[in-house]
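The values are calculated or read from the model by the stated rules, or taken from the named source; none is laboratory data. Quantities reported herein were computed from a predicted structural model and do not represent experimental measurements. Every residue, glycine as well, gets a Cβ built from its backbone with ideal geometry; the counts of neighbours run over all protein chains shown. Side chains included, ligands, DNA and RNA excluded: accessible areas come from the protein's heavy atoms. Shrake-Rupley method; radii C 1.70, N 1.55, O 1.52, S 1.80 Å.
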Amino acid sequence: MAKTVTTRLPDDFVKNVKEIAEKENLDTSSVIRKLLAKAIEEWKKEYAVELYKRGEISIGKASEIAEINLWDFLDLLKEK
């Protein structure tokens, strides 16, 4: 079930969200959800890489945290 979250955003964030909404023909809430989903996905990958490189977790656990398959995680490690 979706929950409502209220937050304050800097003016430049709001301006950028509105620009994206206009270009993609979406409402601002949809743009914010889309951007937040991408940011969370990226954070999970970065966090998994960090833990793996520090030797705190196995490569299998890292790919699980990153929510990608093992082969994609190996490719991600090559990039980082």
Of the accessible area of the chain, computed with a 1.4 Å probe and all protein chains kept, carbon and sulfur make up a percent value of 54
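Per the Cauchy relation, a quarter of the hull surface: what is the mean projected area of the convex hull of the alpha carbons in the stretch 22-64, in nm²?
Working: hull surface 14.4 nm².
If I average the Cα hull's projected area over directions, I get 3.6 nm².
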What helix-only [θ] at 222 nm does the chain give? Using -39500 (n - 2.57) per DSSP H run of at least 4, over all residues, to the nearest 500, the answer is -23500 deg cm²/dmol
Longest principal axis of the chain (C-alpha) makes with the long axis of helix 28-53 (C-alpha) an angle, in degrees to the nearest 10, of 20
Computed about the Cα centre, the charge dipole of the chain from +1 Lys/Arg and -1 Asp/Glu charges at the Cβ has a magnitude in debye, to the nearest 20, of 180
Partner aspartates and glutamates whose C-alpha sits under 12 Å from that of Lys45, ignoring same-chain residues fewer than 8 away, are Glu64, Glu67, Asp72, Asp75, Glu79
Here, the chain modelled as identical Cα point scatterers in vacuum has Debye log10 I(q)/I(0) at q = 0.15, 0.21 Å⁻¹ of -0.69, -0.87
Taking a probe of 1.4 Å and leaving out DNA, RNA and ligands, the chain shows per residue an accessible area in Å² of 83
GluC sites (Glu not before Pro) in the stretch 1-79 lying in a DSSP loop, each with at most 12 other Cβ atoms within 10 Å of its Cβ, come to Glu56
So the FRET efficiency between Asp11 and Trp43, C-beta based with R0 = 25 Å and rounded to 0.05, is 0.55
Once the in-chain neighbours fewer than 8 apart are removed, the lysines whose Cα is under 20 Å from Lys44 read Lys34, Lys53, Lys61, Lys78, Lys80
